[in-house]
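Here's the structure we're looking at; comments come further down.
The values are calculated or read from the model by the stated rules, or taken from the named source; none is laboratory data. Quantities reported herein were computed from a predicted structural model and do not represent experimental measurements. Cβ sites come from the backbone with ideal geometry, for glycine too, and all protein chains shown count toward neighbours. For accessibility, only protein heavy atoms count, side chains too; no ligands or nucleic acids. Shrake-Rupley method; radii C 1.70, N 1.55, O 1.52, S 1.80 Å.
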Amino acid sequence: MKKVLIVSSSLRVGSNSEILAHEAAKGALEAGNEVEFITLKDKNIQFCRGCLACQKLGKCVIQDDMNTLIEKVQKADVLIFATPIYYYEMSGQLKTFLDRCNPLFAKENNFKDVYLITTLYDGTSGKSERAKQGLEGWIECFSQSHFAGLLDCGGVDEPKITAGRKDLLQKAYDLGKSV
Ligand SMILES: Cc1cc2nc3c(=O)[nH]c(=O)nc-3n(C[C@H](O)[C@H](O)[C@H](O)COP(=O)(O)O)c2cc1C
């Protein structure tokens, strides 16, 4: 049994990536893992201020929801991030979340396998590559972890489209089940 943390970063009602993230959660749960699902929709997460006080204090000086979220990231075995593609990149919300994990830099962290689920209107392949590379840059800074897989879901734009895409739901479920 692994601790699986799923972080859904879209703020949109009927989010395509969030629907797939829930499906991945279902797969991971049914495989016998301990699963926690987080959406950034209702969270207060400020930008990293770059003060680097976290490297001396071991924690961030900003008092917001990241204080509790960062512990969940540290303790998880598996991280699954879900993001809409914005201008060929991950959402700003997810980037901010990753930046705010800076107190974990040079600490003992548990998370090893890191997955990414993306949704975007462009149906041609490879259009989530920059988002993947951005996440890989973050992963590179945590030596115990590695990029474990990308579920790149192009051709979805209107809200809730993924709810009717059995192929994508199955892929997301399978991703969760395989962690
Ligand atoms: C600010 C913004 C930028 C976007 N940039 C892209 C893009 O570069 N390529 C693309 O294919 N879709 C782009 N989209 C479309 C979204 O990725 C797409 O609607 C996706 O399904 C949204 O996922 P969500 O419902 O989980 O938020 C953009 C949407 C927004 C709001």
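The helices (runs of 4 or more DSSP H) found entirely in the stretch 23-106 that carry 3 or more residues being more than 18 Å from Ser145 (Cβ to Cβ) and either within 16 Å of the ligand (Cβ to nearest atom) or open to solvent by less than 50 Å² (accessible area, probe 1.4 Å) (or both) are 92-99. Residue count for the stretch 153-169 satisfying the condition of being of a type in the set (D, E, K, R) and over 20 Å from the mean Cα position of the chain (by Cα): 4. Is it the case, given these coordinates, that Lys112 is over 15 Å from the mean Cα position of the chain (by Cα), of a type outside the set (Phe, Trp, Tyr), more than 12 Å from the ligand (Cβ to nearest atom) and open to solvent by 60 Å² or more (accessible area, probe 1.4 Å)? Spelling it out, it is not the case that Lys112 is over 15 Å from the mean Cα position of the chain (by Cα), of a type outside the set (Phe, Trp, Tyr), more than 12 Å from the ligand (Cβ to nearest atom) and open to solvent by 60 Å² or more (accessible area, probe 1.4 Å).
Being surrounded by 13 or more Cβ atoms within 10 Å (Cβ to Cβ), among the small types (Gly, Ala, Ser), in contact with a strand residue (DSSP E or B) (Cβ under 7 Å, 6 or more places away or on another chain) and modelled with pLDDT of 95 or more is the requirement here; does Gly134 meet it?
It is true that Gly134 is surrounded by 13 or more Cβ atoms within 10 Å (Cβ to Cβ), among the small types (Gly, Ala, Ser), in contact with a strand residue (DSSP E or B) (Cβ under 7 Å, 6 or more places away or on another chain) and modelled with pLDDT of 95 or more.
In summary, Gly58 fulfils each of the numbered conditions (1) touching a helix residue (DSSP H, G or I) at 6+ places or on another chain (Cβ under 6 Å); (2) more than 23 Å from Lys160 (Cα to Cα) with the single exception of condition (1). With respect to the conditions (1) free of Cβ contacts under 8 Å to residues at least 12 places away in the same chain; (2) open to solvent by 50 Å² or more (accessible area, probe 1.4 Å); (3) more than 13 Å from the chain's Cα centre (by Cα), Thr124 falls short on a single one, namely (1).
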